[in-house]
Amino acid sequence: MSQLIANEDYDDLPEDNDSCFAEFEYRVRNKMNRMFDDDGRSSNMFVQSIRLQYMACVYSVAVECGITSLPVPRMFSDDSEFYNFYIHFELAVQGEVARIRVRGRRPRNSDSVLLIGNTKAKIQNQVSRLRQVIEKSDLPIPKQQKLNAKLDE
């Protein structure tokens with residue numbers, strides 16, 4: 001039986017569980033697709049064997065990474081049942097990967113953070129107080145302007 005996963009497929013995976021799962025699935029899916037393209041091996045038994053390995057490995061890594069929403073792979077009595085389950089499994093995996101990728105996206109301005117209204121109001125209040133202190137200070141006008149410019153950032 002051809003092996004889908006090799007030891008090096010586990011090398012250098014991210015430490016973050018979600019990222020680890022997404023990267024592992026990407027590697028395994030690409031390797032699976034290459035195996036289907038290589039040597040014209042497309043017998044039904046070969047394809048099912050590789051897809052079963054894909055499901056077993058991806059499911060196990062998902063569980064290890066704390067992702068419990070994937071259906072549990074199992075054996076099937078006929079090709080139609082296998083194919084239907086595989087499609088269901090693949091869609092569930094792609095949904096998890098999409099969720100992880102969206103959650104891990106970076107904001108356009110990587111120096112900014114999303115604040116809830118209450119926190120934002122508190123910060124704006126403190127900045128306003130700082131502006132008042134700067135305005136009432138004995139500092140030279142150019143220095144006051146510099147400090148206000150910093151607050152504007």
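Nothing in this text is a laboratory measurement; each read-out follows from the coordinates by a stated rule. Just so it is clear, the model here is predicted, and its values are computed rather than measured. Note that we place each Cβ from the backbone using ideal geometry, even for glycine, and neighbour counts take in every protein chain shown.
Here are the numbers:
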{"item": "Formal net charge of residues neighbouring SER69 (Cβ-Cβ distance under 15 Å; K, R +1; D, E -1)", "result": "-3"}
{"item": "Inter-centroid distance (Cα atoms) of region 1-58 relative to region 119-153, Å", "result": "57"}
{"item": "Reach of LYS136 by Cα under 17 Å, taken over aspartates and glutamates that are not fewer than 8 positions away in the same chain", "result": "none"}
{"item": "Residues of type lysines that LYS143 reaches as a straight line, Cα spacing below 28 Å, ignoring anything fewer than 8 places off in the same chain", "result": "LYS120, LYS122"}
{"item": "Region 13-105: GluC sites (Glu not before Pro) in DSSP loop, at most 16 other beta carbons within 10 Å", "result": "GLU15"}
{"item": "Difference of contour (0.36 nm per residue) and Cα-Cα distance, LEU91 to LYS136", "result": "9.9 nm"}
{"item": "Nearest-20 debye value, the chain charge dipole, Cβ charges on Lys, Arg, Asp, Glu", "result": "1340"}
{"item": "Selection of trypsin sites (Lys or Arg not before Pro), region 1-74, meeting DSSP coil and at most 16 other Cβ within 10 Å", "result": "ARG41, ARG74"}
{"item": "DSSP-loop chymotrypsin sites (Phe, Trp or Tyr not before Pro) across region 1-76, with at most 16 other Cβ within 10 angstrom", "result": "PHE76"}
{"item": "Charge sum, other residues only, whose C-beta stays under 11 Å from ALA6's C-beta, Lys/Arg counted +1 and Asp/Glu -1", "result": "-1"}
{"item": "Highest-MSF residue in the chain out of VAL28, VAL127, VAL102 [GNM, Cα springs under 10 Å]", "result": "VAL127"}
{"item": "Theoretical ellipticity at 222 nm over the chain - DSSP helices of four or more residues, -39500 (n - 2.57) apiece, nearest 500", "result": "-22000 deg cm²/dmol"}
{"item": "Net charge, ASP16 excluded, C-beta distance under 12 Å - Lys, Arg +1, Asp, Glu -1", "result": "-2"}
{"item": "Calculated FRET efficiency for the pair GLN3/ASP78, C-beta based, R₀ 22 Å, to 0.05", "result": "0.30"}
